[in-house]
Amino acid sequence: MKISIVVAVSKNGFIGKDGKIPWKVPDELAYFRKITNGHHVVMGRITQQSLGRPLKGRVNLVLSTKEGYEPEGFIVFSNFKDAINFAKEHGEEELMIIGGEKVYEIALPLAERIYMSVI
């Protein structure tokens, strides 16, 4: 299984602020949908909370060490290895890492591909 990072960054290197994306670019959102649709996506708790609901057409995996954290429509793991194993066991070919910063840091050494857009 390939591990891929999906990230949009500002020209000055920011990926977000206070758990929010500081831009609204319809073409970028369409691109994100296109490359992640049908895949398992891994995100941190803050990213998950900023979404508010699961991303349609994807298996939504959340990394969180917060005890008892079980948001509806998301599958929660306390570590990245367990999320990877879950995706493998369910036939995923390309696991998509969608943020935030801490999750990117964990995944980067294992990533084979980076989908990066500069906004």
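The angle between the Cα long axis of helix 26-36 and the main principal axis of the chain comes to about 30°, on a 0 to 90 degree scale. The peptide list 41-48, 111-118, put in order of mean Cβ contacts within 10 Å with the highest first, becomes 41-48, 111-118.
Rounded to the nearest whole Hz, the Karplus-based 3J(HN,Hα) values (6.51 cos²θ - 1.76 cosθ + 1.60, θ = phi - 60°) of the stretch 108-116 follow the sequence 3, x, 9, 6, 9, 9, 10, 9, 10, with x at glycine and proline.
Taking a threshold of 31 Å on the Cα-Cα distance, which of the pairs 11/88; 11/66; 11/102 fall above it?
11/88; 11/66
Charges at C-beta only: +1 for Lys and Arg, -1 for Asp and Glu. How large is the resulting dipole of the chain about its Cα centre, in Debye rounded to 20?
Working: 16 positive and 14 negative charges, 76 e Å.
For the chain, the charge dipole is close to 360 debye.
Bear in mind these aren't lab numbers, they're just calculated from the coordinates by the rules spelled out. These numbers were taken from a predicted model, which means no experiment stands behind them. We place every Cβ from the backbone using ideal geometry, glycine too, and count neighbours over all the protein chains shown.
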